[in-house]
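The values are calculated or read from the model by the stated rules, or taken from the named source; none is laboratory data. Quick caveat, the model's predicted, so the values are computed rather than measured. FYI the Cβ positions are ideal-geometry reconstructions off the backbone, even for glycines, and counts take in every protein chain you see. Note: areas computed on protein heavy atoms with side chains; ligands, DNA, RNA excluded. Shrake-Rupley method; radii C 1.70, N 1.55, O 1.52, S 1.80 Å.
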Protein chains: 2
Amino acid sequence: MANRLKIVFLGGVEEIGKNMTLLEYGESAIILDAGLGFPNSENMPGVDFLIPDISYVKEIKKRIKGIFITHGHEDHIGALPFVLKDINVPVYGSSIALAFLDAKINRAGGNKKYKLVQIDNGSIIQAGDFSVEFIRTTHSIAGAFSLAITSPSGVIFFTGDFKIDHTPVDGKVADLSRIAAIGSKGVLLLMQDSTNVERLGYSMSESRVGKSLESVFNDNKNKRIIVATFASNIHRIKQIVDCALKQGRRIVLSGRSVLNTVAIAQKLGEIKLDPEMLIDINNTKKIPDDRICIIATGTQGEPSSALTRMSLDGFKNVSIGENDTVILSASPIPGNERSIHNVMNNLSKKGASLVYESLSEVHASGHACVEELKLMIALVKPTYFIPVHGEFRHLKKHAELAESMGIPRPNMFLPELGSCIEVSRGGIRRLPSIDAGAVMLVGDIESDEGSIIERKKMAEDGIVISAITLSKTGKPKVEIDLTSKGLNILSAIEDEIQSTLQSRFSGGEYRNMVTEELSQLTRKIISKIFYSKQKRCPVIIPIIMFE
Amino acid sequence: MANRLKIVFLGGVEEIGKNMTLLEYGESAIILDAGLGFPNSENMPGVDFLIPDISYVKEIKKRIKGIFITHGHEDHIGALPFVLKDINVPVYGSSIALAFLDAKINRAGGNKKYKLVQIDNGSIIQAGDFSVEFIRTTHSIAGAFSLAITSPSGVIFFTGDFKIDHTPVDGKVADLSRIAAIGSKGVLLLMQDSTNVERLGYSMSESRVGKSLESVFNDNKNKRIIVATFASNIHRIKQIVDCALKQGRRIVLSGRSVLNTVAIAQKLGEIKLDPEMLIDINNTKKIPDDRICIIATGTQGEPSSALTRMSLDGFKNVSIGENDTVILSASPIPGNERSIHNVMNNLSKKGASLVYESLSEVHASGHACVEELKLMIALVKPTYFIPVHGEFRHLKKHAELAESMGIPRPNMFLPELGSCIEVSRGGIRRLPSIDAGAVMLVGDIESDEGSIIERKKMAEDGIVISAITLSKTGKPKVEIDLTSKGLNILSAIEDEIQSTLQSRFSGGEYRNMVTEELSQLTRKIISKIFYSKQKRCPVIIPIIMFE
């Protein structure tokens, strides 16, 4: 609790500093974002989501002055319903971020009162020793902000997720002049989004996506058009709606999160839509194909999403056919490629024409590419640099980029989950790391690493269960039961296991062994037979019961 | 067995016509390629590989005149050791394809005699009613060929996997003149590689990769260089070796498949390498970093590969540090992104600099992009067109491309696994499909769909096992045992399940039920309690034993 600026890197996923970052100075502490991560089903089967481990935050709970939200994406606000239960402090964010948050809290059945404070470009919030200025930026969700945080040690510039879009859909450009002014006054530390450091050049403007969508709509005048997009991208949805209305198409919103976004966007005046033009998905049969545009969830091939269900056996009254053009206005999140490709293959098999990013400009990333990253470094001119929002390889590439712009390597730090540092004009000092990382949630229940490993092993190798009931003499009381799941056991192997167990136990010589020893013995007998016959090691579950 | 040309689309993976295609005419039949597929661990946990279901081929076994191999990649030759056991016919392929096949058969312990016949550019093989001409093409493995198959119904041009590389490493360009001549004489049907139909323009030449590698080597003169690449790409390995030797580096080959390829390439004269310059991976410590180049397997983040093991706790005598530059001279196969990214993150954490495709031209695809596909269609000028070698969405895009070049839609056919057609000058006629698809192999053992579903369910939801031993009166003889795996069961739930089962059974009123009924009952009791407390449905395995 020394009077030095301390930064703690928390977070749920591999992408460091994305989900949650903590700043401390003396008696004050503030939290930047509180998001969740989505696990991949291969490595964490059955896990629903990952939230940051906030044990450390709870320890210093009393010093926390507020939570500052850069924008309303799940990976930045998704953990708030959990965090606010333990740490009820004011949450500062844009109208859009707060609207998304509010909807989340309501869905989670939150009846507790939280203090949500709306900010705008230029808002300055005093939070103990920190003063936080919100500076408008551009991203794949409206209402995104960078933070210029003044502490007694100096100014920290935290970009949040951003790109530099000079022609955003709502005309609200990033406030580059203000960023330049802050940079000119001197910035101690820049923490910058590393997501697209592997992409050269500039990101594409969102308004260019609008132009591409318009030309796809024009090329498909006589067909039904279905567009799948990231549900939170209000500007994308607005552009799709505009294209559809220009052709006199009615709009169908399919999927909870799309409905939610459009309701929020209408309330905030971001999308204007005559209720007459909105129709329910169950009523599409009555309207000719060329008068319908369906906006659906499912860009990542999620099994229960609208698009995935349409690609299979039809969904509500929508069945896909030759007269459908499906636009995937999104890009795959790494790890989801196979699921997305399955959906695309199934849509193709039903006859739909597909339009997607690799062949048409129907999607733009929300993250700054190399030239934008350089521009931001040039404007902010920081003394120290910490790449955040990326996996470790991104941070490393980002450090190389910053080095090429004259920031010396000793003035940089590459954080990992749980990293703690102190920053002052004198330098960056590494402190002992804390336990951070992710809490894996299965529904509302925390899952431990051990269960996940067991589940993965069962998936890889199947299981064999032997149930043995022993009499007081240590002999099997009833016939030994052998059950398996997820295995194609040859009956010869099954017979051999059963008869071996039966003969080994029937002498009663193990009667003095305790359960654990008997289990070990059983496991050894079964695995030996299995390995010699099938060269595999299933999970073996020996159950020993005593009379 | 009518005198018509029949085509059957077999194969192990979603990519149609890649692994295996069958052509029949009257009493003659020939097989084009016999490859295997690799499953993704998410959808098929524990499955090692997928081979084509050849039940149908076995039925017409006597008519099969030969197997024609386009090139030596696993997905084109990998199933041969299995197929040849049932169908021992001559196999025709390039020296390189046959060398890879030979090594495979030897590893599989094949002591049976197979007839492997080496072909070269222009070789023509008579096989019953078919005459098969091999035409040199270019691909990411040396010794790749297209097939021009003359049947009584007309000529079928089967591209195999190809690109049009005008500057291949060995100077052996695709024989475009011969293709043009065949096209001018009239081709009934073109079957063309669809893999890269989503990529506009031309593919990059393999020799351009060589130039990029050279510049990376020059930029890293003082560092140890580790290059991971697809092991079968002889020309890539040759270019890496050339770069290394130019800097006086010794070569370390790491990983069985890289060793295998270099042995084959040396035998065939494709790579020349002074044995002095080759050193064993265990001896790298003795040599300065700037005098070493390690060529390793592991471009796909495979857990047991050399690169993955280096990225973790060191491997043999190689431990990764700041003085290592790792070049990933490969691209991710869709579905492997997460594993590859993990390896990259771990290498970065150890301090290595990474060089990879998205930022440097250190990899080139082996498949034709849109402009090359158009060129081939323009040269072959087929009456009918069947896109192959791709997932269904690729086939569909490829059909759109062919249509834009004037091939009418009714002259095309989009095959699925098991599709059968007849082709003649009169048109393409669809025949009833056959059972095709993949045989899932776990080691040498076939796995059925049911086991896979069980394994996935256990991975998602965990398991609960209840073991009940009933006495003759239908009452529990010993205490009911409850065991779980992969679950975090609250002990309160466990207690409730146990006491509920105990009390329900202790009356003995179920004594007349058969095992199946008792199992159902137990399952119902457990799942009800579980769902009401945790909103989850684990896999429940009731074991009922009788005195």
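Given Cα pairs under 8 Å that are at least 6 residues apart, what percent is the relative contact order of the stretch B:96-191?
About 21 percent, as a whole number.
With angles folded into 0 to 90 degrees, how steeply does helix A:206-219 sit against the dominant principal axis of chain A? Use alpha carbons for both and round to 10.
Tilt of helix A:206-219: around 80 degrees.
Pairs of alpha-carbon atoms within less than 8 angstrom and 6+ residues apart define the contacts here; what relative contact order does chain A have, in percent?
Once divided by the residue count of chain A, the mean separation gives 16 percent.
For chain B, what does the helix formula give at 222 nm: sum of -39500 (n - 2.57) over DSSP H segments with n ≥ 4, over the residue count, nearest 500 deg cm²/dmol?
Helices in chain B give a 222 nm mean residue ellipticity of -9500 deg cm²/dmol.
Could you tell me the calculated FRET efficiency between B:Asp102 and B:Asp274, based on Cβ-Cβ distance and R0 = 25 angstrom, to the nearest 0.05?
According to the calculation, E is roughly 0.45.
Which number gives the lysine pairs in the stretch A:371-496 that have C-alpha atoms under 29 Å apart and are eight or more places apart or on different chains?
Total qualifying Lys-Lys pairs in the stretch A:371-496 comes to 8.
Using the 7 Å Cα-to-Cβ label point, sort the distances from B:Lys535 to its equivalents in the other copies shortest first and give them in nm to one decimal.
4.6
Using the Kirkwood radius over C-alpha pairs as Rh, can you work out the diffusion coefficient of the stretch B:206-355 via Stokes-Einstein at 37 °C, viscosity 0.692 mPa s, in µm² per second?
D = 217 µm²/s.
Hey, quick one: spin label on B:Arg208, modelled 7 Å out along Cα-Cβ, who in the stretch B:229-243 has an amide N within reach, i.e. under 17 Å?
Of the residues in the stretch B:229-243, B:236 have backbone N under 17 Å from the label point off B:Arg208.
Specify the angular offset, from 0 to 90 degrees and rounded to the nearest 10, of the alpha carbon long axis of helix B:337-349 from the longest principal axis of the alpha carbons in chain B.
Around 90 degrees separate the two axes.
Kindly give the distances from B:Asn218 to its copy-mates, label point to label point, with each label point 7 Å from Cα along Cα→Cβ, as nm values to one decimal ordered shortest first.
4.6
Using the Cα atoms of chain A to build a convex hull, what is its mean projected area in square nanometres?
The Cα convex hull of chain A, projected and averaged over all directions, gives 31.4 nm².
Have a look at B:Tyr510, B:Leu431, B:Pro382 and report the one farthest towards the positive end of the charge dipole of the stretch B:374-511, computed about the Cα centre with Cβ charges (Lys/Arg +1, Asp/Glu -1).
Of the listed residues, the answer is B:Pro382.
Once phi is turned into θ = phi - 60°, what whole-Hz ³J(HN,Hα) does the Karplus curve with 6.51, -1.76 and 1.60 give for every residue of the stretch A:157-174, x standing for Gly and Pro?
Calculated HN-Hα couplings, in order: 9, 10, 5, x, 5, 8, 9, 10, 9, 6, 10, x, 4, 8, x, 8, 6, 5 Hz.
Based solely on C-alpha atoms, express the radius of gyration and the Dmax of the stretch A:1-99 in angstrom.
Expressed in Å, the Cα Rg and Dmax of the stretch A:1-99 come to 13.7, 45.
Over the alpha-carbon set of the stretch B:436-482, divide Rg by the Kirkwood Rh and report the Rg/Rh ratio to two decimals.
Rounded to two decimals, Rg/Rh equals 1.27.
Around A:Met545, which amide H atoms from residues at least 5 apart in sequence, or from another chain, sit under 5 Å from its own amide H, with H modelled in the peptide plane?
Residues meeting the amide H criterion: A:Ile468, A:Thr469, A:Leu470.
Assign unit charges at the C-beta atoms only (+1 for Lys and Arg, -1 for Asp and Glu), then state the dipole size of the protein assembly as shown relative to its Cα centre in Debye, rounded to the nearest 20.
100 debye
Note down the magnitude of the dipole of chain A about its Cα centre, charges +1 on Lys and Arg C-beta and -1 on Asp and Glu C-beta and zero elsewhere, to the nearest 20 debye.
The calculation lands at about 380 debye.
Apply 1/(1 + (r/R0)^6) to the Cβ-Cβ distance of B:Lys528 and A:Ser304, taking R0 = 22 Å, and write down the FRET efficiency to the nearest 0.05.
Efficiency at R0 = 22 Å is approximately 0.40.
In the stretch B:318-347, whose amide N lies under 15 Å from the spot 7 Å out along Cα-to-Cβ of B:Asn40? List them in ranges.
Counting backbone N atoms under 15 Å from the label point, the list is B:332-341.
Rounded to the nearest 5, what % of DSSP beta bridges with both residues in the protein assembly as shown are antiparallel?
50 percent
Can you give me the Rg/Rh ratio for the stretch A:462-546, using Cα atoms for both radii and the Kirkwood formula for Rh?
Taking Rh as the inverse mean 1/r over Cα pairs, Rg/Rh reads 0.95.
Do you know the relative contact order of the stretch B:206-355, to the nearest whole percent, from alpha carbon pairs under 8 angstrom that are 6+ apart?
Relative contact order of the stretch B:206-355: 28 percent.
Just want the answer: with Cβ charges of +1 for Lys and Arg and -1 for Asp and Glu, which residue in B:Leu354, B:Ala296, B:Leu273 is farthest toward the dipole's positive end in the stretch B:206-355?
B:Leu273
What Kirkwood Rh does the protein assembly as shown have if only Cα atoms enter the pairwise 1/r average? Answer in Å.
Hydrodynamic radius (Kirkwood, Cα only) of the protein assembly as shown equals 32.5 Å.
Give a residue-ordered list of calculated ³J(HN,Hα) values for the stretch A:182-192 (Karplus: 6.51 cos²θ - 1.76 cosθ + 1.60, θ = phi - 60°; whole Hz; x for Gly, Pro).
4, x, 5, 7, x, 10, 5, 9, 10, 10, 10
When every alpha-carbon pair in the stretch B:357-417 is counted, what percent end up more than 14 Å apart?
Looking at the stretch B:357-417, the distances longer than 14 Å represent 59 percent of pairs.
May I ask what percent, to the nearest 5, of DSSP beta bridges between residues of chain A are antiparallel?
Beta bridges within chain A, antiparallel portion: roughly 50 percent.
What is the angle, in °, between the Cα long axis of helix B:449-461 and the longest principal axis of the Cα atoms in chain B? Nearest 10 is fine, range 0 to 90.
60 degrees
Given the whole protein assembly as supplied and a 1.4 Å probe, what does the accessible area of A:Tyr356 come to in Å², nearest 10?
Accessible surface of A:Tyr356 is approximately 20 Å².
Enter the accessible area per residue of the stretch A:318-441 (Å², integer; probe 1.4 Å; all protein chains in place).
34 Å²
Under 16 Å Cα-Cα from B:Lys172, which lysines qualify once same-chain neighbours fewer than 8 residues away are excluded?
Partners found: B:Lys163, B:Lys238.
How far apart are the A:Lys286 label points across copies, placing each 7 Å from Cα toward Cβ, in nm, shortest first?
In ascending order, 8.6 nm.
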